[in-house]
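The values are calculated or read from the model by the stated rules, or taken from the named source; none is laboratory data. Fair warning: this is a prediction, and the values are worked out from it, not measured in the lab. Cβ atoms come from the backbone with ideal geometry, glycine included; neighbour counts cover every protein chain shown.
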Amino acid sequence: MTDGPLHIKKHTFQKYDILRKYLKACLTFEKKYQNFAYIDTHGGSGKVVFEGHEVHGSPLIAAESEAHPQCYAIEIDVGRRLLLRKATTGVPNIEVIGGDCNRKIASLLKQIDDRKFAFCFVDPDGLVYTDGATKVFQLNWTTIEEISRRRNSEILVNLRTQDVIRCVGAMEAEPERADKLAEDITTLYGTDSWTLKRTRYQLRDLFLDRLESLGFTHVGALNVKSEDNSHQYYLIYGSHHSVGAKIMSSNFRISWGFNPITELPLQRFVYDDIPHSQTTAQQAFQKTLSPEKLADWCDSLCFFSCSARSSQVG
Ligand SMILES: C[S@@+](CC[C@H](N)C(=O)[O-])C[C@H]1O[C@@H](n2cnc3c(N)ncnc32)[C@H](O)[C@@H]1O
């Protein structure tokens, strides 16, 4: 059990902004599906703290959005759950559920009318949650599978590839713990093919591939950075519908801040930096270019940095 509310950094507002804009657009779904449901699998403390000030966390942002969806927030931690309940007291369209989201998701989805659209925000803050001696996986691939089975469902996942890379580092540093640590990553991806991946770009693409393998027809990724321009995590989107993908792709593009030269495919839109290996290759190429060609190359650089599947060589 933890004390006190979650503290956030400035880049978290990017996540909240994307969520807010998307939920606003969900008024359309509300009209079509006669209301829709919002699920926050990792609910948090309801209100969160930024530089000493309390602001609304994701469950409150959703409950108070224009479409007023019926909201469900699952939280495993007893202390945060108490704060979440307190913060949502008197908010009629939100239900707080205690426990492990990986165990709760199937019954929760069954409880929601099939005709309703279900938007699931999956926002872990690590690979495992520990409360004393108990270790629980924060996000199990089976949870994503469960969500994908419902055609009227979409997900927005906080994919923490840096945690995966750190975990791989710990496996190398402590070989006696390697099997246990490997299980933490395999549980997230639902496969052990991550062992062949070395960069965050590859880990990002593996997750997108995995979503497609579940039947999500539209997937996307946004690199969320901190103020000093360093990568923090990916927001990953999966949907069965082009309308939602169009809205989310546009939200990702605005958040990323660069316009790709050509429209990214809605089937897979990735807003990210150029992988280092690709940059190096491009720098070598740059040396051989005339100034005119260099200007053309700079234009295409913007395209590359926004382009889908940009990590194929990464
Ligand atoms: C990043 S925080 C969530 C923040 C929240 N979505 C927001 O933006 O206000 C992650 C939360 O997930 C909770 N958590 C971790 N593992 C969980 C699990 N298996 N089931 C449910 N909650 C979990 C943690 O206790 C923590 O409060």
(Q) Which count do you get for residues in the stretch 71-81 that are more than 9 Å from the ligand (Cβ to nearest atom) and surrounded by 18 or more Cβ atoms within 10 Å (Cβ to Cβ)? (A) 2
Q) For Arg103, all conditions in the list (1) within 26 Å of Val224 (Cα to Cα); (2) within 14 Å of the ligand (Cβ to nearest atom) hold save one; what is the number of the exception? A) (1)
Q.
If I ask for residues that are more than 15 Å from Ser58 (Cβ to Cβ), out of contact with any Lys or Arg (no Cβ under 9 Å at 6 or more places or on another chain) and of a type in the set (Val, Ile, Thr), which ones from the stretch 85-123 would you list?
A. Thr89, Ile105
Q) Here is a list of conditions, (1) closer than 23 Å to Ser153 by Cα; (2) near the ligand (Cβ under 9 Å from one of its atoms); (3) of a type in the set (A, V, I, L, M, F, W, C), and Leu84 meets all of them except one; can you say which number that is? A) (1)
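Quick grid of which residues meet (1) surrounded by 19 or more Cβ atoms within 10 Å (Cβ to Cβ); (2) touching a strand residue (DSSP E or B) at 6+ places or on another chain (Cβ under 7 Å):
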{"site": "Glu51", "(1), (2)": "no, no"}
{"site": "His56", "(1), (2)": "no, yes"}
{"site": "Ile61", "(1), (2)": "yes, no"}
{"site": "Arg85", "(1), (2)": "no, yes"}
{"site": "Pro92", "(1), (2)": "no, no"}
{"site": "Asp113", "(1), (2)": "no, no"}
{"site": "Asp123", "(1), (2)": "yes, yes"}
Q. When you go through (1) more than 9 Å from the ligand (Cβ to nearest atom); (2) in a strand (DSSP E or B) one by one for Pro92, which number turns out not to apply?
A. (2)
(Q) Take the conditions assigned to a loop (DSSP other than H, G, I, E, B) and at pLDDT 95 or above and apply them to Gly126. Does it pass? (A) yes
Q | Residue among Tyr16, Tyr38 that alone is closer than 28 Å to Ser239 by Cα, out of contact with any Gly (no Cβ under 6 Å at 6 or more places or on another chain), within 14 Å of the ligand (Cβ to nearest atom) and part of a strand (DSSP E or B) | A | Tyr38
